[in-house]
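Note sheet for the following structure.
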Amino acid sequence: MADYFEVDRVFEDIAKIFASQFAVSFYKVTNTKSPSKEEFRDLVIEFMKNIGYSLDKFPDSEEGIRFKGYCRKLLAKEIDLVKSGENKEVEKRYKYFTQYN
């Protein structure tokens, strides 16, 4: 399998620098001051899943299918971390948002 170092980094940080920031922005726009942890995590996960639109751009060639499968596996792992509350960055962002909003 090819080395996908670049996407490894993307998926390691997708919740921290993309999805949690969009979740906070969503709550600010909708004037929601104190979502529950579960609501926040679910919204972060919803934003994370949007990467599927980008993956759909890759061809359905043998290598493209392998790449998409690899990415979906990484995404599922990161989603599980958020869902279980084990993504420290998402938990920190939730705490900061609810305390200082």
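Being at pLDDT 95 or above and either touching a Cys at 6+ places or on another chain (Cβ under 7 Å) or part of a loop (DSSP other than H, G, I, E, B) (or both) is the requirement here; does Lys57 meet it?
Considered against the rule, which asks whether it is at pLDDT 95 or above and either touching a Cys at 6+ places or on another chain (Cβ under 7 Å) or part of a loop (DSSP other than H, G, I, E, B) (or both), Lys57 comes out as yes.
Say we look at the range 68-101 and pick out the residues that are among the hydroxyl-bearing types (Ser, Thr, Tyr) and in a helix (DSSP H, G or I); which of these is nearest to Phe58 (Cα to Cα)?
Per the stated criteria, the residue is Tyr70.
Would you mind stating whether Asn31 is exposed (fewer than 11 other Cβ atoms within 10 Å of the Cβ) and among the polar types (S, T, N, Q)?
Yes; evaluated as a whole, the condition is true for this residue.
If a residue must be within 9 Å of the chain's Cα centre (by Cα) and either farther than 18 Å from Tyr100 by Cα or assigned to a loop (DSSP other than H, G, I, E, B) (or both), how many such residues does the range 13-42 contain?
7
Hey, could you check the range 43-52 for residues that are at pLDDT 95 or above and part of a helix (DSSP H, G or I) and say which is farthest from Asn87 (Cα to Cα)?
Going through the qualifying residues, I end up with Ile51.
Go through the range 1-24 and count every residue that is more than 12 Å from Tyr70 (Cα to Cα) and among the aromatic types (Phe, Trp, Tyr).
Result for the range 1-24: 2.
The values are calculated or read from the model by the stated rules, or taken from the named source; none is laboratory data. What you see is a predicted model, and the numbers here were worked out from it, not measured in a lab. No Cβ is skipped: glycine too gets one built from the backbone with ideal geometry, and neighbour counts run over all protein chains shown.
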